[in-house]
Structure formats: structure tokens, C-alpha cells
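The values are calculated or read from the model by the stated rules, or taken from the named source; none is laboratory data. The structure presented is a predicted model; accordingly, all values stated were derived computationally and were not measured. Note: ideal-geometry Cβ built from the backbone for every residue, glycine included; neighbour counts use all protein chains shown. Side chains included, ligands, DNA and RNA excluded: accessible areas come from the protein's heavy atoms. Shrake-Rupley method; radii C 1.70, N 1.55, O 1.52, S 1.80 Å.
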Amino acid sequence: MPETAELTLPAVLSTLVKQDQLSHSVASKSVLEAKARKKPLVTYLLQKQLVDPYTMAMVCSLEYGLSLVDLDAIDISHEIQELVPDETLRKMNIVPLFNVANALFVGVADPYYLENIGDIKFATEMVPEPVFVEYDKLQNILYGGEGGDAISSGMTISSDTEAQDLVIETASLEKDEEADNDHGVDVTHFVNELLSHAISKGVSDIHIEPYEKILRVRYRIDGILQVVSMPPKGIAQKLTSRIKVMSQLNSSERRVPQDGRIHFQVSDGKFVDFRVNTLPTLYGEKIVLRILDSDTASLGIENLGFNDKQKDDLLSAIAKPDGLILVTGPTGSGKTVSLYACLNILNTSEKNISTAEDPAEIQVPGINQVNVNEKVGLTFASTLRAFLRQDPDIIMVGEIRDLETAEISIKAAQTGHLVLSTLHTNSAPETLTRLVNMGVAPFNIASSVLLIVAQRLARRLCNHCKQVTDVPAETLIQLGFDESEVDSIVVYEPKGCSECSGGYKGRVGIYQVMPISPVMAKMVMEGGNALELAEQAQRENINDLRQSGIEKVRQGITSLAELERVTKD
């Protein structure tokens, strides 16, 4: 019928169609029939046997960013079974699985029933953590198989069930009975799917971690680590070897850390690089893969989260022919992306740009990039000295770690070069005192530093599901909002939907952009401390990180919880 052809499919069905698990016509017809029968869509598909339970659970897991748990791999204790009455669980289509600290992990087969999670919290006074399970196995627990009522039957009891005992799988862990390993798992296919899926989900890091009894795979999504797979422990060595081969590392060397790189082709022909690091642990080698997507380097400054004043101050600083610009913040705060956003503006045929990094994460044509290698004597300091003999216009130093590097950077900034670098400090004013504490002469700091950017990354609220929340006026005032605005401000909180991960999608920068004014330069030369410099920054109308974060909350970009997480002292 013509109306089905134009029907927009929900995300789960769209994925099933893309994977050839359903035809578009059957999917469209199912949407209409499920609606007519007033049945949850996923449950309708499963009851009609249009999709097998494992495939459906796997797709829901990927779309909603929740783990997939094999119910056959765990034992539910009597204590957990008795938390909620059987009849209530059947109405909610949820089963409690195990608890870790005050978190109660609960299994659900249809995303429709995720709305019942709040009732679980009310009934148990524990924080519910939903995971997806296979529909047939869930029904067997709720209603019992041939052996009777599975909820109340004599299941094997384990009072200390923990998350580590679960077997959590993803779509990529497909069995291949002819595969050349003891566990029937096609490791090559698993690795390829793992990398492809991570790229499609906007993951920044993949952690593969072997423990005594389990093998765990986690993604870092928007700065937060999430378990996505727990493959059989027996494939750990083959998995490590496969990644080492792809990274051109020594597969036989397991005693020392190794660094490598994977140049991976995505299905659409695009190539994405992964930086790979291996680390020997008690139970095998842990592997961390950092996704180095060159597209992030081409992000314009206007897309990073600077307000108009901050953007103007930064653009004014990088337009100068010489001086030192510093970006500061903890690891993972987006410093490299900010630096490359500046370098992309400066990267013209008239400029000679060189960078010293450890390592160069983003490859950009037109920029001379050097990987620091301290083992062979190629340090930041020695590389900087070499740069100065290469007629540079602009120099980027990955990090100022010691006095020697700091002094050479400042010397370069004082002799006609624009220098960009990073430091690990909490705020822009603290960066000036950090340089003094490293041993740099205050006069050299005052005469060379143009501007300091302190930054954090906060998760963006999902525009599809963020919801208004009521916050007491006293709380908003305590958090730093003006008393005059608390009655009119609209504050949003995360909810969670198929388009996001826990109510958040993507990240936004929170910045303190501090040009070094003549007054600040004088304070540095006179021995002013970080507190005095911060007070002067306030007098010059420079927002600190907290104030910039509050601005993002006002705009509905992030939540109060994220504000607290990224700007607390």
C-alpha cells in the first residue's frame, strides 16, 4: 500500500532493513499493524517471528548504547528474585539480574519497556541499570519453560554474582564453526566489526582488557567508558595477535609496551587511523586503540563552543606574527583539536608550519609533523632546536613538560615565531604561575605569552529527548546562576533515546580564554599568584570555566550534572 512506502522507520527497524534482516515493505507493514493492534513494535516482530530474538536484542543493544547480556551465562540469586513480585515483573516485562554496589542490573527485551525502569527504582530503592536480553530467554524466566515457573523454580544460586561473570556480546562476535580456533569465533571478522562499529558510533577509544576469568571490551563515548562486549576469554591471545599484525607490531613480544598504528578502511571507502598501544598486565596484554579521525582537525573554531568574545580573542592572538599561545586542561579535554583548529586557519602556502608531538595523532597536509622519540634522543627540546634552523613561521609543541622545552618555546616566541603548545593545569591563571614554578623567568613570561585557553569537554544533551527539569532557585544560586534569572531560566536534563547514549550525543567545549593584558603581565613580573591573577581576569570580564559552563546550561546545550562533573574543583 502506498502509505507504507513513505513511512519513516524507527531506528531499530531501519537498522534491521540495512542488515537485510527485514525487507522495507515488511518493516513498514509491521509498524502499521503493531500500532493497529496496540502492541509494542519490537514485541510484535518477535511474536510474529519476523526477526530472531538474538538479532533483535543485538540491534537494540547497538542502537540504544546498552550492553547485551546472555541470560544463559548468569545465575540469578534468591535475594535478587525476591526484590520484586513475580506478577509485577511480568507486567513490566523486566527481570532483575544482579546488583553491583547500589546498582541493580535489569534485563529488558523490548525498548518500549525501558519506561518501566523508574518503577524498578521505586520498588527496590536501587539505581536500575538496564541491559538488553533475548526475548525468548526473558519469557522463559518470567513465565517458565516446560519445567514450570522459572522465576520461582530451583535455579542455581550464586549470592555473589558480579558484572565480571557476565558474557556480553555484540553483533560482531559471530560464530564460525570452520574458523581456525578452539572457540569457533572468527577473530578477524570480530576485529573488523569492532573497529567499524566504533567509528559509526563516534567512539574516541576502544579498551580491550584481559582479566583472570573474563575478557572485556569497552568504548569511550563522549568521554565516558561503557562495556560493549565480553568475548570468550579463550580468544584473548588470538585477538591481541590479530590487532598486533594490523598495527605492524611484534606479535611475539609480550613483555614490554608497544605502540603502533592501524590504517583502516571503512565500508564507504573512507580511511580512519587508529593509534594502538599494548600494555602487559597480570592476565595478558591490555590494548587501547585511539581513533584518529582527521575530520576532527578540520572542525572550524565556530563549531567548538567558543562564545563570540572568546572566539574573537583567540583569532586576534593567532593572527599575530609572534608570541606564545598556550592551551591547558586535563588529558582528554580536547586540547589537540583546539590547536589544530587554529593551525588549519594558519595553514596556507605562505606559512612554514612545524609540529612536535608525542605522537602526531592527526595528519594534516601542508604541516611538517614530527613524532618525538625520547628513546633515540628526539625530545621536544631537540626537535624545537631543529625547527629553529628550518626557517619556521609557526611552531606547535605537543606539550611543555620541562624547563628546557619551556625556555626554547619562549625564545622562539620572542624571536619572530608564533608558538602554540599545551600545559597540564586547571585554569588559565594557574598556567602563568606554573611556568614560574618550572623556573621560567617572570620577565620572559610577561613578554612572550599572548593568550591562554583553559578548557574542558562536556557532553551535549540530545536534542531528540532532552527534557525540562525543575531545579530549586536556591540550588541554581548556589551553582553560580544570577538571582535575577533563576525564575525564568529553563534547565534541561538527559532522558535517553535511540538517537543518543544515555541522553547525551556529542560534546561541546567549555573555555576560559584569557588574553594577557599589560596589567596581568605586570602582576606576573611582580610575583602575583594564581588567585590574584584570577581576580584580575574577572575584573577584565573574562569568564572562568564555571561561568562558561553556566552559559552552556542557559543555552540548553548541557545539563547541570555535566556542569558539576567537568568544572568542579
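What percent do you get for the relative contact order of the chain when only Cα pairs under 8 Å and 6+ apart count?
Working: 1007 pairs, mean separation 54.6, N = 569.
Answer for the chain is 10 percent.
If the convex hull of the alpha-carbon atoms of region 319-448 is projected onto planes in all directions, what is the mean projected area in square nanometres?
7.6 nm²
Give me the percent of DSSP beta bridges within the chain that run antiparallel, rounded to the nearest 5.
65 percent
Taking Cα atoms, how many degrees apart are the long axis of helix 24-36 and the longest axis of the chain, rounded to 10 and kept between 0 and 90?
It is inclined by approximately 70 degrees.
Rounded, prolate or oblate, given the Cα gyration tensor of region 181-282, with a/c below 1.5 counting as rounded?
Because its axes are fairly even, with a/c under 1.5, region 181-282 counts as rounded.
Please compute P(r) over all alpha-carbon pairs of region 205-337, binned at 5 Å starting from zero, and give each bin as a whole-number percent.
Over region 205-337, the share of Cα pairs per 5 Å bin runs 2, 8, 14, 17, 16, 12, 10, 8, 6, 4, 2, 0 percent.
Under a point-charge model restricted to the Cβ atoms of Lys and Arg (+1) and Asp and Glu (-1), what is the dipole moment magnitude of region 464-542 relative to its Cα centre, in debye to the nearest 20?
That gives a dipole near 520 debye.
Top to bottom by accessible area (1.4 Å), largest first, where do 488, 427 land?
488, 427
Around residue 396, which amide H atoms from residues at least 5 apart in sequence, or from another chain, sit under 5 Å from its own amide H, with H modelled in the peptide plane?
354, 355, 356, 420
Report, in debye and to the nearest 20, how large the dipole of the chain comes out about its Cα centre when Lys and Arg carry +1 and Asp and Glu carry -1 on their Cβ.
1260 debye
Give the residue from 124, 41, 107 lying farthest towards the positive end of the charge dipole for region 23-125; charges sit on Cβ (+1 for Lys and Arg, -1 for Asp and Glu) and the dipole is referred to the Cα centre.
41
Counting only protein chains, not ligands or nucleic acids, how are 464, 24 ordered by accessible area (probe 1.4 Å), most first?
464, 24
What do you get when you divide the Cα radius of gyration of region 1-145 by 2.2 N^0.38 Å, with N the number of residues?
On the way: Rg = 16.0 Å, N = 145, 2.2 N^0.38 = 14.6 Å.
Here the Cα radius of gyration is 1.10 times the empirical estimate.
Could you please state, rounded to a whole Å, how far the C-alpha centre of region 180-244 is from the C-alpha centre of region 520-569?
Between the Cα centres of region 180-244 and region 520-569 lies a distance of 40 Å.
Take every Cα pair under 8 Å in region 243-378 that's 6+ residues apart, average their separations, divide by the length, and report that relative contact order as a whole percent.
Normalised by residue count, the contact order of region 243-378 is 14 percent.
Take the alpha carbon atoms of region 23-88, find their center, do the same for region 338-394, and report the distance between the two centers in whole angstrom.
Going from one Cα centre to the other spans 52 Å.
Select from region 32-91 those GluC sites (Glu not before Pro) which occupy a DSSP coil region and have at most 14 other Cβ atoms within 10 Å, ordered by residue number.
82
Can you list the trypsin sites (Lys or Arg not before Pro) in region 335-412 that are in a DSSP coil and have 10 or fewer other beta carbons within 10 angstrom?
Here the trypsin sites (Lys or Arg not before Pro) that fit, given the DSSP loop and packing criteria, are 389.
Collect residues whose amide H, placed 1.01 Å from N in the peptide plane, falls under 5 Å from the amide H of residue 507; neighbours closer than 5 in sequence don't count.
460
Which value results when the Cα radius of gyration for region 402-529 is divided by 2.2 N^0.38 Å?
So region 402-529 has a normalised radius of gyration of 1.49.
Relative contact order for region 315-368 using alpha-carbon pairs under 8 Å, separation at least 6, rounded to a whole percent?
Relative contact order comes out at 25 percent.
Can you find, among 344, 423, 11, the residue farthest towards the positive end of the dipole of the chain? Put +1 on the C-beta of Lys and Arg, -1 on that of Asp and Glu.
344
Considering the values (i) 52, 29, 19; (ii) 61, 31, 18; (iii) 48, 29, 22, which represents semi-axes √(5λ) of the Cα gyration tensor in Å as calculated for the structure under consideration?
(iii)
Just the accessible area for residue 242, please: 1.4 Å probe, Å², rounded to the nearest 10?
Around 70 Å² of this residue is reachable by solvent.
With every protein chain left in place and a probe of 1.4 Å, what is the accessible surface of residue 342, to the nearest 10 Å²?
10 Å²
Could you order 279, 195 so the one with the most accessible surface comes first? Probe is 1.4 Å.
Details: 279 80, 195 5 Å².
Listed by decreasing accessible area, they come as 279, 195.
Show me the trypsin sites (Lys or Arg not before Pro) within region 459-489 that DSSP assigns to loop and that have at most 11 other Cβ atoms within 10 Å of their Cβ.
Hits after loop and neighbour filter: nothing returned.
Report the Rg/Rh value for region 461-505, based on alpha-carbon coordinates and the Kirkwood definition of Rh. Show your work: numbers first, answer last.
Details: Rg = 12.6 Å, Rh = 11.5 Å.
Checking Rg against Rh, the ratio lands at 1.10.
Lone cysteines in the chain, going by a 4.7 Å Cβ-Cβ cut-off?
Within the chain, the cysteines lacking a partner Cβ under 4.7 Å are 60, 342.
Mark the label point 7 Å from the Cα of residue 143 along Cα→Cβ and return the residues of region 70-114 whose backbone N is within less than 20 Å of it.
Within reach of a label on residue 143: 71-72, 85-96, 107-114.
Counting only heavy atoms of protein chains, what accessible area per residue, in Å², does the chain have with a probe of 1.4 Å? Show your work: numbers first, answer last.
Numbers: 27030 Å² over 569 residues.
It amounts to 48 Å² per residue over the chain.
Which value, in Å³ per residue, describes the convex hull spanned by the Cα atoms of region 496-555? The partial results should precede the final answer.
Numbers: hull volume 6.1 nm³, N = 60.
About 101 Å³ per residue, rounded to a whole number.
For residue 505, go through the lysines and keep the ones whose alpha-carbon is under 23 Å away, minus same-chain ones fewer than eight residues off.
Cross-link targets: 18, 201, 270, 335, 466, 495, 552, 568.
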